[in-house]
Amino acid sequence: MSKIKNYINGSNILPLSNKWIDNYNPSNGEVYGKIPNSDKRDVALAVASAKKAFKTWSKTDRNERSKILAKIADLLEENLDKFAKAESKDNGKPLSLAKLIDIPRAADNFRFFAHAITQFGSESYESLGEEAINYTLRHPIGVVACISPWNLPLYLLTWKIAPAIATGNCVVAKPSEVTPMTAYLLGDICTKAGLPKGVLNIVHGLGKTTGNTLISHKDVKVISFTGGTKTGAIIAKTVAPMFKKISLELGGKNPNIIFADCDYKQMLKTTLLSSFSNQGQICLCGSRIFVEKPIYEKFKTDFIKAVKNLKVAHPNNKDAKIGALVSKSHLEKVLSYVKIAKKEGANLLCGGEKIMVKGYEKGYYMQPTVLEIQNNNCKVNQEEIFGPIVTIMPFEKENEVLKMANNIRYGLSASLWTNNLKRTLKFTREIEAGIIWVNTWMLRDLRTPFGGVKDSGVGREGGFEVLRFFTEPKNICLKY
Ligand code: NDP
């Protein structure tokens, strides 16, 4: 049985707490490892290590930092198979998906910020009448806490770590206790790439204890969090009196709006992905599908046929399109929404059941599920389920669907399918979301701002936005 350790000051060390948490393999429901249940002492050690490293790293030239980040990216790519296997085993996602998306994107995160930091500048203004120049320096801030969820474990953790260290900060990261494995492997890669001791530290443990101790530590100056809206609110409330800088990437319940004039074939193919990729466990999944009436019946027939063909299988099965959900409790939560939907009068068009995969009967598998609803305000259409369940609903008028799309507490992303330019401009202006895809989904350019509005979060990641977040501007007015 594997036992992973904390990564502190460049070494893998046993937790001082000497307490452990079972790590489950979702594909067969078995415990396959133990992870540290770190306590206050472990967190204090990691923060002290980051604080010490900051003295040197914050003054290290950006070209030197850039080289190390690029080396981390190279090593991740060289170890793609190992990382992908670990991610798939920990999370339940198809191995093919981890190889195609998760790990390559983690490498891209480091490579992107290795380049971006060499291009990152700040403003200066000359006030001719006053004979003065104002210029702004951007200093790294100090110790940063990076807290990430389980759905895209390495992908999302490195999306935070890379810009934080590129800008000269030092990090203490806490991955989700459910998916700690690739974060553990990352430590060794960073050491091999020459990242100085203490620049990155990783502590494992429970959110409520280890995570809470980390964000509350007086020497942690910045918190970059991705996870549920409820947890985001708890973190914001905890750290507000300490005036820490905070970025929150939270839940979503995204509309997928389909007009009859769209490229139907492309829309159908992409909608299948935006509904069920990663078992529907992506904050950007389009879980509320609104279809214009003239094509509604055709869409319903074609979509259900395609959904029934999605192969649910063990993550190592090459044909698996859907693997296991991340945990038993999460599977139970997702299944409970099928019951809620039935009570609310929804029409179960397909799926809705747990699946027994032969040879892996204790795994957390579920059928991809489509619910036809009549009311935008029903619970299954308003609450984030974060699993392989989507709702579909017809609409007739532009303003009607726009109202339904916006009538929700979340505002992370939206997809729009149409070839009408006037409508595109209207919808992209009026949809309340941080990210809108037109005639596509999940096409990402790392230079763009990423994040949500309303209860989907505060702040933006990506591009120069996040480099600004991880630096403190200082304005200097120089009279000549
Ligand atoms: P959680 O909010 O439960 O957990 C996220 C992380 O926070 C985990 O590492 C967790 O640790 C930790 N945590 C929990 N409580 C605290 C606390 N009090 N103090 C500090 N840390 C804490 O989210 P999930 O892991 O369940 O992830 C699913 C959620 O993430 C969904 O709502 C999804 O929409 C959202 N998400 C948002 C994205 C975005 O970019 N907007 C992207 C991906 C997911 P532990 O696991 O040990 O509890």
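The values are calculated or read from the model by the stated rules, or taken from the named source; none is laboratory data. Just so we're clear, the structure is a prediction, and the values are computed from it rather than from any experiment. Glycine gets a Cβ as well: all are built from the backbone with ideal geometry, and neighbour counts include every protein chain shown.
Within region 47-75, if we keep just the residues that are in contact with a helix residue (DSSP H, G or I) (Cβ under 8 Å, 6 or more places away or on another chain) and among the hydrophobic types (A, V, I, L, M, F, W, C), the residue that is farthest from Ala116 (Cα to Cα) turns out to be Val47. Go through (1) more than 30 Å from Ala164 (Cα to Cα); (2) within 12 Å of the ligand (Cβ to nearest atom); (3) in contact with a Cys (Cβ under 8 Å, 6 or more places away or on another chain) and name the single condition Ser275 misses. Condition not satisfied by Ser275: (2).
Considering every residue within region 415-427, establish whether at least one is more than 19 Å from Phe299 (Cβ to Cβ) and in contact with a helix residue (DSSP H, G or I) (Cβ under 7 Å, 6 or more places away or on another chain).
Taking region 415-427 first, the residues more than 19 Å from Phe299 (Cβ to Cβ) are 421-422, 424-426.
When the remaining residues are screened for being in contact with a helix residue (DSSP H, G or I) (Cβ under 7 Å, 6 or more places away or on another chain), the result is none.
Scanning region 415-427, I find no residue that is more than 19 Å from Phe299 (Cβ to Cβ) and in contact with a helix residue (DSSP H, G or I) (Cβ under 7 Å, 6 or more places away or on another chain), so the answer is no.
Checked against (1) touching a Gly at 6+ places or on another chain (Cβ under 7 Å); (2) under 25 Å from Asp22 (Cα atoms), Ile215 meets all criteria but (1). Residues that are part of a loop (DSSP other than H, G, I, E, B), assigned by TED's automatic domain parsing to the domain that holds Thr418 and more than 14 Å from Thr369 (Cβ to Cβ) do not occur anywhere in region 266-278. Listed by position, the helices (runs of 4 or more DSSP H) inside region 364-480 whose residues that are surrounded by fewer than 16 Cβ atoms within 10 Å (Cβ to Cβ), in the same structural domain as Ile304 (by TED's automatic domain parsing) and at pLDDT 95 or above number at least 1 are 379-382, 398-406, 421-430. What about Gly142, is it surrounded by fewer than 12 Cβ atoms within 10 Å (Cβ to Cβ) and either within 31 Å of the chain's Cα centre (by Cα) or farther than 23 Å from Gly198 by Cβ (or both)? Considered against the rule, which asks whether it is surrounded by fewer than 12 Cβ atoms within 10 Å (Cβ to Cβ) and either within 31 Å of the chain's Cα centre (by Cα) or farther than 23 Å from Gly198 by Cβ (or both), Gly142 comes out as no. Here Lys333 qualifies as within 16 Å of the ligand (Cβ to nearest atom), surrounded by fewer than 19 Cβ atoms within 10 Å (Cβ to Cβ) and either farther than 30 Å from Glu398 by Cβ or at pLDDT below 95 (or both). Any residue at all in region 236-243 that is more than 10 Å from the ligand (Cβ to nearest atom) and touching a Cys at 6+ places or on another chain (Cβ under 9 Å)? No, region 236-243 contains no residue that is more than 10 Å from the ligand (Cβ to nearest atom) and touching a Cys at 6+ places or on another chain (Cβ under 9 Å).
For Lys426, the conditions (1) over 29 Å from Ala116 (Cα atoms); (2) among the charged types (D, E, K, R); (3) under 22 Å from the mean Cα position of the chain (by Cα) all hold with the exception of (3). Among the residues of region 169-179, those identified as in contact with a strand residue (DSSP E or B) (Cβ under 8 Å, 6 or more places away or on another chain) and crowded, with 24+ Cβ neighbours inside 10 Å are Asn169, Cys170, Val171, Val172, Ala173, Lys174, Pro175.
Are there any helices (runs of 4 or more DSSP H) wholly within region 151-234 with 3 or more residues that are more than 9 Å from the ligand (Cβ to nearest atom) and in the same structural domain as Pro140 (by TED's automatic domain parsing), and if so which?
Details: elements: 153-166, 181-193, 212-216.
Helices (runs of 4 or more DSSP H) meeting the threshold: 153-166, 181-193.
Among the residues of region 119-150, those identified as within 16 Å of the ligand (Cβ to nearest atom) and in contact with a Cys (Cβ under 8 Å, 6 or more places away or on another chain) are Val143, Val144.
Out of curiosity, is Ala116 under 20 Å from Ser247 (Cβ atoms), more than 15 Å from the ligand (Cβ to nearest atom) and not hydroxyl-bearing (Ser, Thr, Tyr)? Reasoning before the result, please.
Details: under 20 Å from Ser247 (Cβ atoms): yes; more than 15 Å from the ligand (Cβ to nearest atom): yes; not hydroxyl-bearing (Ser, Thr, Tyr): yes.
Yes, satisfied.
Within region 346-368, being more than 20 Å from Cys378 (Cβ to Cβ) and either in contact with a Phe, Trp or Tyr (Cβ under 6 Å, 6 or more places away or on another chain) or among the polar types (S, T, N, Q) (or both) holds for Ile355, Val357, Gln367. When every residue of region 335-345 is checked against the conditions, at least one turns out to be touching a residue at least 12 places away in the same chain (Cβ under 8 Å), more than 21 Å from Thr271 (Cβ to Cβ) and under 24 Å from the mean Cα position of the chain (by Cα).
Within region 1-98, considering only strands (runs of 3 or more DSSP E) that don't extend past its boundaries, which have at least 2 residues that are farther than 15 Å from Pro196 by Cβ and without any contact (Cβ under 8 Å) to a residue 60 or more places away in the chain?
Numbers: elements: 6-8, 11-13, 20-25, 30-36.
Output list reads 20-25, 30-36.
For every residue, the table says whether it meets (1) among the hydrophobic types (A, V, I, L, M, F, W, C); (2) surrounded by 24 or more Cβ atoms within 10 Å (Cβ to Cβ).
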residue	(1), (2)
Ser247	no, no
Ile257	yes, yes
Cys262	yes, no
Lys265	no, no
Leu268	yes, no
Gln279	no, yes
Arg288	no, yes
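On the stretch given as region 434-477, residues that are small (Gly, Ala, Ser) and more than 12 Å from the ligand (Cβ to nearest atom) total 1.
In region 262-272, what count of residues is obtained for those that are touching a helix residue (DSSP H, G or I) at 6+ places or on another chain (Cβ under 9 Å) and either closer than 19 Å to Lys311 by Cβ or within 16 Å of the ligand (Cβ to nearest atom) (or both)?
Applying the first criterion (touching a helix residue (DSSP H, G or I) at 6+ places or on another chain (Cβ under 9 Å)) to region 262-272 yields 262, 264, 267-269, 271-272.
Filter once more, so that each one left must be either closer than 19 Å to Lys311 by Cβ or within 16 Å of the ligand (Cβ to nearest atom) (or both): 268-269, 271-272.
Looking only at that region, the number is 4.
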